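Quick notes on the structure that follows.
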Amino acid sequence: MWRDAVLVAGKDLRIEARSRVATNQVAPFALLVLVLFAFALDPDRGVLTRAAAGLFWVAVLLCALLAVQRAQTVEAGEGTADALRLSGLDPAGIFLGKAGAVAVQLLVLEVLLGLGLVVLYGVDLAGYPVLAATALAATLGLAAAGTLYGALASGSRVRETLLPLLLLPAVAPVLIAATRASEAALGTGGLDVAPGDWLALLGVFSVVYVAAGTVAFGPLMEEQ
Amino acid sequence: MTIATSTSDLGAAAPATGGSGAAPAGRGGGGPLTLSLGLAAVLALGATVGLGLTLPATVEQGEYSRLIAIHPGLAWASYVAVGVTALASALWLWPRSRSLRWDQVAGASAEIGVVFTALTLATGSIWGRPTWGVWWVWDARLTLSALMLALYLGYLALRRVPAPPDVRARRSALTALLAVAVVPLNHFAVTWWRTLHQGRSLAQLDPGNDLDGAFIGAMLLGFLAMTLVYAWLLVHRVRVARLEDEVEEAGLVRAIEERRREAVTA
Amino acid sequence: MDDAVHLRSTVCLLGRFPALAGLDLVVARGETLLVRGANGAGKTTLLRALAGLVPVVEGRAEVLGCDLRRDRRRVRPRVGLLGHGPALYDELSVADNLRFWARAGRARPADLGAAMARFGLDGRLRDVLVARLSAGQRRRAALAVLVARTPELWLLDEPHAGLDAAGRDVLDELVREVTAAGATVVLASHELERAAGLATRSVTLAGGRIVDDGSRWPDALAGPRRQEPVHVA
């Protein structure tokens with residue numbers, strides 16, 4: 001299973017490295033979202049700095065939708081779905097590989113967005129360990145949930161519109177928990193709940209979706 | 001292609017359906033038990049509305065306090081609906097109890113659940129207006145209900161994607177179970193996020209609470225009425241779903257015949 | 001039973017459409033079977049069903065000793081399907097594609113190298129993106145993947161389509177070689193003259209069933225029956 005996961009993730013990341021969709025389209029889009037937030041909010045009175053954590057994670061969420069849809073498009077070539085089923089690859093490995101590739105791309109984007117926060121919003125990055133742990137746990141959950149809902153919505157003509165409807169309400173806990181944990185790390189929150197609780201919530205979310213995807217991906221791939 | 005035709009496996013979901021399955025496929029109505037369930041639902045709903053309208057207006061909430069007769073009941077029924085969807089989905093996924101019937105129950109229950117959740121949000125919003133001064137506050141339970149509504153709207157959208165019955169059933173069952181797994185996570189997230197609701201309705205049953213006995217009576221009657229309405233709607237929606245699937249099943253034999261005839265005409 | 005394929009009253013649905021409507025077919029090991037039929041007769045579905053991709057909902061179906069109704073996944077690593085789509089990633093080079101599919105199918109690297117050389121993919125084409133290949137070159141790449149996987153049952157859907165004369169010769173030689181080595185080939189084709197030269201038997205599909213099981217081999221298509229064994233390269 002892990003060998004297959006590494007093989008599939010390597011293939012997906014290689015495709016992204018060659019096609020540069022993530023670097024040429026998704027990354028500029030993410031930075032554009034940061035700029036749009038500045039237009040929508042008041043950039044002078046510290047609103048952006050205070051809201052930075054939430055805006056960051058909303059931007060990540062939007063990028064996750066794009067990354068998941070891109071990961072689906074890669075497999076949409078004629079005959080590819082059949083070939084994957086015939087290949088003998090473990091479906092759980094395929095799921096872990098595809099989710100892993102999405103997670104790696106999102107983590108790179110998050111670093112970029114973090115730099116954007118520092119430059120554009122004047123955020124002082126502090127509390128690195130908590131920020132890194134939050135990013136890891138949240139990204140894993142987002143990638144796993146996105147890949148699983150992507151498979152559930154695939155094969156239908158409405159998949160582009162169905163995916164956000166399925167994914168966004170389901171990842172609401174990730175948005176809330178990641179934002180609060182980041183705020184706690186950045187010192188912009190002022191909340192009673194410690195970051196540890198939010199990290200635990202993110203961890204449980206990731207475990208639930210990774211486990212569900214590992215089990216469910218095989219039967220989902222069988223649907224012609 | 002074995003499709004259960006007995007109604008016995010519906011028992012867990014709606015205890016009062018006995019006999020409805022004996023109705024011939026062409027008949028639109030239900031059996032006598034379904035009919036009495038419907039009568040009971042209508043009577044209970046009528047009594048709830050009647051009792052609610054005779055409640056006294058309270059000082060803080062004025063006329064709006066009468067909503068206690070239906071709002072908690074609607075919320076309760078929406079949770080029951082979501083629970084039944086999850087249970088039926090699990091039963092479909094479990095190989096030994098796999099039957100298209102469970103898929104029909106899950107879908108029907110989710111549809112009714114969405115309607116009840118929407119009504120819960122609407123009545124809660126109307127009720128909250130005089131208390132909070134605004135239509136909507138980011139209270140934990142309101143937010144949770146709104147997220148639940150979104151989750152199940154997604155579920156119903158997925159069900160409407162054209163697919164063979166077993167494919168549709170598998171995708172829907174997985175989505176329903178994922179949704180149920182997400183509800184507690186959402187619950188913790190929004191509760192830690194913020195909480196300013198006026199305590200759970202049932203907690204108000206504590207002796208010594210100054211809520212008037214009439215209010216408690218109306219609320220409990222509302223629970224009963226909404227549960228009966230839910231069960232009645234479920235029975236009928238499941239029957240329609242079964243008839244739809246039967247029509248398509250009957251089409252299969254004809255389709256094979258037609259397919260074979262292609263060879264002759266070709 | 002030692003048949004490669006044994007179907008009896010097999011029904012396969014595409015959605016609600018019975019693409020195979022009670023089909024009977026037996027293919028012995030080592031045979032090269034030509035499946036003929038008009039568009040929409042069910043040829044592609046038959047090949048995909050034999051690959052364990054389409055569920056069999058009615059009747060009996062055994063391929064290479066695996067019961068497709070019980071577990072159709074078991075047969076998959078042992079068959080090779082050349083479908084309409086080349087099943088290659090447009091944004092990867094030929095070599096990257098072949099390496100991925102070969103490793104996914106646990107093929108030996110040496111087999112892959114030999115297969116690439118055989119289809120002329122080891123030279124300039126090696127590092128070309130699949131998106132830049134012609135249809136015929138993609139076919140060659142797809143065939144190279146199959147060769148590297150050394151399947152026991154070859155399912156070729158319109159294999160000659162898009163190939164140039166040299167490619168066709170390589171393909172025909174390949175089919176003769178693998179059947180001589182004991183593998184079984186089922187090919188669906190409209191290019192009857194080309195395919196009839198390869199096949200040891202032919203059946204005709206119509207309306208999702210076999211309407212002519214090859215006992216009445218049309219003289220016009222018989223061609224020179226190949227009998228002499230072809231030596232393995």
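The listed residues are A:Tyr149, A:Tyr128, A:Tyr121, and the only one of them that is within 13 Å of chain B (Cβ to nearest Cβ) and among the aromatic types (Phe, Trp, Tyr) turns out to be A:Tyr149.
For the stretch A:185-192, the condition of being out of contact with any Asp or Glu (no Cβ under 6 Å at 6 or more places or on another chain), polar (S, T, N, Q) and over 26 Å from B:Leu93 (Cα atoms) holds for at least one residue. With the condition kept exactly as written, say whether any residue in the stretch C:5-13 is part of a loop (DSSP other than H, G, I, E, B) and of a type in the set (D, E, K, R). So far as the stretch C:5-13 goes, no, none of its residues is part of a loop (DSSP other than H, G, I, E, B) and of a type in the set (D, E, K, R). Looking only at residues in the stretch C:11-31 that are of a type in the set (D, E, K, R) and under 26 Å from B:Val253 (Cβ atoms), the one that is farthest from the other protein chains (Cβ to nearest Cβ) is C:Asp24. Evaluated against (1) within 16 Å of A:Leu55 (Cα to Cα); (2) within 14 Å of chain C (Cβ to nearest Cβ), A:Val21 falls short on exactly one condition, (1).
Within the set A:Leu115, A:Leu66, A:Leu62, A:Leu107, the sole residue that is surrounded by fewer than 23 Cβ atoms within 10 Å (Cβ to Cβ), in a helix (DSSP H, G or I), over 17 Å from the mean Cα position of the chain (by Cα) and not polar (S, T, N, Q) turns out to be A:Leu115. Go through the stretch B:167-196 residue by residue and tally those that are more than 20 Å from the chain's Cα centre (by Cα), in a helix (DSSP H, G or I) and more than 9 Å from chain A (Cβ to nearest Cβ). Matching residues across the stretch B:167-196 total 1.
So which residues in the stretch B:153-165 are in contact (Cβ under 8 Å) with a residue 12 or more places away in the chain and closer than 15 Å to B:Asp103 by Cα? Steps first, answer last, please.
Filtering the stretch B:153-165 down to residues in contact (Cβ under 8 Å) with a residue 12 or more places away in the chain leaves B:153-156, B:158-159, B:165.
Listed by number, the residues that qualify are B:Tyr155, B:Leu156, B:Leu158, B:Arg159, B:Pro165.
Does any residue of the stretch A:191-202 turn out to be under 15 Å from B:Leu185 (Cα atoms), more than 9 Å from chain B (Cβ to nearest Cβ) and either in contact with a helix residue (DSSP H, G or I) (Cβ under 7 Å, 6 or more places away or on another chain) or not in a helix (DSSP H, G or I) (or both)? Within the stretch A:191-202, one or more residues are under 15 Å from B:Leu185 (Cα atoms), more than 9 Å from chain B (Cβ to nearest Cβ) and either in contact with a helix residue (DSSP H, G or I) (Cβ under 7 Å, 6 or more places away or on another chain) or not in a helix (DSSP H, G or I) (or both). Scanning the stretch A:69-89 for residues that are surrounded by 21 or more Cβ atoms within 10 Å (Cβ to Cβ) and not in a helix (DSSP H, G or I) turns up A:Ser87, A:Leu89. Among the residues here, B:Glu262 qualifies as more than 30 Å from B:Ala77 (Cβ to Cβ) and either β-branched (Val, Ile, Thr) or over 31 Å from the mean Cα position of the chain (by Cα) (or both).
Note on the stretch C:89-101: residues that are buried (at least 23 other Cβ atoms within 10 Å of the Cβ) and more than 7 Å from chain A (Cβ to nearest Cβ) total 3. Among the residues in the stretch C:70-87, are any over 28 Å from A:Gln72 (Cα atoms), more than 8 Å from chain A (Cβ to nearest Cβ) and part of a loop (DSSP other than H, G, I, E, B)? Yes, the stretch C:70-87 contains a residue that is over 28 Å from A:Gln72 (Cα atoms), more than 8 Å from chain A (Cβ to nearest Cβ) and part of a loop (DSSP other than H, G, I, E, B).
Given A:Gly203, A:Gly190, which one is modelled with pLDDT under 85, farther than 18 Å from A:Leu61 by Cβ, surrounded by fewer than 21 Cβ atoms within 10 Å (Cβ to Cβ) and not acidic (Asp, Glu)? Break it down stepwise before answering.
On the way: A:Gly203 fails: modelled with pLDDT under 85.
It is A:Gly190.
Mind listing just one residue for me: the one in the stretch C:102-115 that is over 20 Å from C:Pro159 (Cβ atoms) and at the interface with chain A (Cβ under 7 Å from one of its Cβ atoms) and, of those, surrounded by the fewest Cβ atoms within 10 Å (Cβ to Cβ)? Among them, the one singled out is C:Arg106. If you go through the stretch A:155-167 and keep only what is over 13 Å from B:Leu178 (Cα atoms) and either at pLDDT 95 or above or within 10 Å of chain B (Cβ to nearest Cβ) (or both), you end up with A:Gly155, A:Ser156, A:Arg157, A:Val158, A:Arg159, A:Thr161, A:Leu162, A:Leu163, A:Pro164, A:Leu165.
The values are calculated or read from the model by the stated rules, or taken from the named source; none is laboratory data. Computed from a prediction, not measured in an experiment: that's the story for all the values here. Every residue, glycine as well, gets a Cβ built from its backbone with ideal geometry; the counts of neighbours run over all protein chains shown.
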